[in-house]
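See below for the structure under consideration.
The values are calculated or read from the model by the stated rules, or taken from the named source; none is laboratory data. All values reported here derive from a predicted model rather than from experimental measurement. Please note: Cβ atoms are built from the backbone with ideal geometry, for glycine as well, and neighbour counts cover all protein chains shown. Calculation scope for accessible area: heavy atoms of the full protein, side chains included, ligands and nucleic acids excluded. Shrake-Rupley method; radii C 1.70, N 1.55, O 1.52, S 1.80 Å.
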Amino acid sequence: MIKKLSSNLINQIAAGEVVDDPKSIIKELLENSIDANSKNIEIILYDGGLSKIIINDDGIGISKSDLPQAFERFATSKLENLKDLSNINTLGFRGEALPSIASISEITLKSKTSKDVGNEIKFSFGKKVFLKPSNIEEGTSIEIKNIFNNVPARKKFLKSENYEYRKILNLFKRFALCHYN
């Protein structure tokens, strides 16, 4: 069950909300895929992640009722109180980065749990476009495009396609070594 956090807890984790570049997007979503017990994770990059990123996993998925909540600021399925913040046993808080990513891009998330049919939700620069059924077979698929198109000042600081790709590749190699399964 995904729910809104208390303001006290929000202040404790506020620093982790920033999305700087395609690599930071992939880092957050890889952590989510690993936390969702994915055995297979596929990353597809267009223009070094500058124009489009697609991440597919075969994890536990997100239920239809939780999809809209996953895009709410500071909503998570991992914490309920301040004490929980000291006992984190995951890489992240499933959904923690989604509102930040949604605010600077167009994002479509398709997901299916073992108990639900597949569903799809789309946001365009922070505004919900739709929530509808999807034909996804298992897990979660996230497509992010037009990254930073509504934040030209941030987009200006991105490097070349090749440079951004190398940062992502280095990140992926570190994840693959630590999570070889």
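Here Phe157 meets the list (1) out of contact with any Lys or Arg (no Cβ under 9 Å at 6 or more places or on another chain); (2) surrounded by 14 or more Cβ atoms within 10 Å (Cβ to Cβ) almost entirely, failing just condition (2). All of Ile2, Ile41, Ile60, Ile34 fail the test of being buried (at least 17 other Cβ atoms within 10 Å of the Cβ), at pLDDT 90 or above and farther than 23 Å from Leu169 by Cβ, apart from Ile60.
Residues in segment 91-111 include at least one that is open to solvent by 10 Å² or more (accessible area, probe 1.4 Å), among the polar types (S, T, N, Q), modelled with pLDDT under 90 and farther than 20 Å from His179 by Cβ. Does Leu177 fit the bill of being at pLDDT 95 or above and of a type in the set (A, V, I, L, M, F, W, C)? Here the answer is no, as Leu177 does not meet what is asked. Listed by position, the strands (runs of 3 or more DSSP E) inside segment 99-181 whose residues that are under 15 Å from the mean Cα position of the chain (by Cα) number at least 1 are 106-112, 119-124, 139-145.
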